[in-house]
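*Asks:* One structure, pasted below without further comment.
The values are calculated or read from the model by the stated rules, or taken from the named source; none is laboratory data. This is a predicted model, so every value here is computed, not measured. Every residue, glycine among them, receives a Cβ derived from its backbone with ideal geometry; neighbour counts consider all protein chains shown.
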Amino acid sequence: MKYNCLIVDDEQMLADSTAQYFNLFGVTAIAVYSAEGTRAFFANNTAELILLDISLGDGNGFELCKWLRQTTDVPILFISARGSDDDKIVALSIGGDDYVQKPYSLGVLLAKVKAVLKRYGNGIVEYSDGYLTVNFESKQVLVGGNAVRLTALEFKLLAYLIERRGKVVSKQELFQNVWEDKFTGDGTLNVHIRRLREVIEVNPTLPKYIVTVWGDGYKFIGSDGK
């Protein structure tokens, strides 16, 4: 499973509430509470950014960062309640990208996380499963090896769903983050979803990629079934 943000913090209530807040605003996030939990997460999942607490119950964020830097170069934002200048220096020197002081404002932290994700291009260059290929840099879409044309808005909608594949994306989230217009209605969204299905699905009436989750929204299902 791919997430925008992994939150590593042994304060479980704070970690969970931060993840829930991020998810509400279109940043897919999940929380783990230990170094062991982080290692287990990366055995089967990926993240585009890591929020890493310095103090963990089964170790410390500095050692965990060193381990992470052996396997991934995703941005790491350290979070800490200690506020020591020495901690900041160590955090940045071992591969951290920034340092966030506790207690933090969820709104400010979300803005920082979104800025980092945007700066690093969300970490996704291409989705491809042999039938459907979507290149996020060139904005090229191939279906069965043939190039197809999408409008800018259609591509943005498809890319948004793919980046959150396996997750249910609500209509309100799509209105806010794809259209960036709270006045967009269901009819407009339905037209664009139908158009995408006509382009990428083998059988648009029985979609396999973009499925409707009744009462909740839509979900893109990748070739791995997630």
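*Asks:* State all residues of segment 1-25 that are under 27 Å from Ile221 (Cβ atoms) and part of a strand (DSSP E or B); if no residue qualifies, say none.
*Replies:* Scanning segment 1-25 gives Lys2, Tyr3, Asn4, Cys5, Leu6, Ile7.
*Asks:* Considering only segment 127-144, state which residues are assigned to a strand (DSSP E or B), within 19 Å of the chain's Cα centre (by Cα) and not hydroxyl-bearing (Ser, Thr, Tyr).
*Replies:* Once the filter is applied, which keeps residues that are assigned to a strand (DSSP E or B), within 19 Å of the chain's Cα centre (by Cα) and not hydroxyl-bearing (Ser, Thr, Tyr), segment 127-144 yields Val134, Asn135.
*Asks:* Select from segment 203-224 the residues that are within 22 Å of Leu142 (Cβ to Cβ) and loosely packed, with under 13 Cβ neighbours inside 10 Å and write down the one among them that is nearest to the chain's Cα centre (by Cα).
*Replies:* Looking at the filtered set, the residue picked out is Asp224.
*Asks:* Cβ-Cβ under 6 Å, sequence separation 6+ or interchain: first residue in segment 10-24 and surrounded by fewer than 17 Cβ atoms within 10 Å (Cβ to Cβ), partner among the hydroxyl-bearing types (Ser, Thr, Tyr). Which pairs?
*Replies:* Gln12/Tyr33
*Asks:* Let me ask you something else. For Val202, all conditions in the list (1) within 15 Å of Leu132 (Cα to Cα); (2) part of a helix (DSSP H, G or I); (3) among the β-branched types (Val, Ile, Thr) hold save one; what is the number of the exception?
*Replies:* (2)
*Asks:* Can I ask one more? Does segment 129-170 hold any residues that are hydroxyl-bearing (Ser, Thr, Tyr) and modelled with pLDDT of 85 or more, and which are they? Let's see the steps before the verdict.
*Replies:* Here is the first cut: in segment 129-170, the residues hydroxyl-bearing (Ser, Thr, Tyr) are 131, 133, 138, 151, 160, 170.
Listed by number, the residues that qualify are Tyr131, Thr133, Thr151, Tyr160, Ser170.
*Asks:* For segment 151-170, which residues satisfy the criterion of being in contact (Cβ under 8 Å) with a residue 24 or more places away in the chain, assigned to a helix (DSSP H, G or I) and surrounded by fewer than 16 Cβ atoms within 10 Å (Cβ to Cβ)?
*Replies:* Within segment 151-170, Leu153 is the sole residue that qualifies.
*Asks:* Just one of (1) under 21 Å from Phe25 (Cα atoms); (2) part of a loop (DSSP other than H, G, I, E, B); (3) under 23 Å from the mean Cα position of the chain (by Cα); (4) of a type outside the set (Phe, Trp, Tyr) trips up Thr184, so point out which.
*Replies:* (3)
*Asks:* When segment 9-24 is examined, which residues are found to be of a type outside the set (A, V, I, L, M) and in contact with a Leu (Cβ under 9 Å, 6 or more places away or on another chain)?
*Replies:* Of the residues in segment 9-24, the ones of a type outside the set (A, V, I, L, M) are 9-12, 16-18, 20-23.
Asp9, Asp10, Ser17, Thr18, Tyr21, Phe22, listed by residue number.
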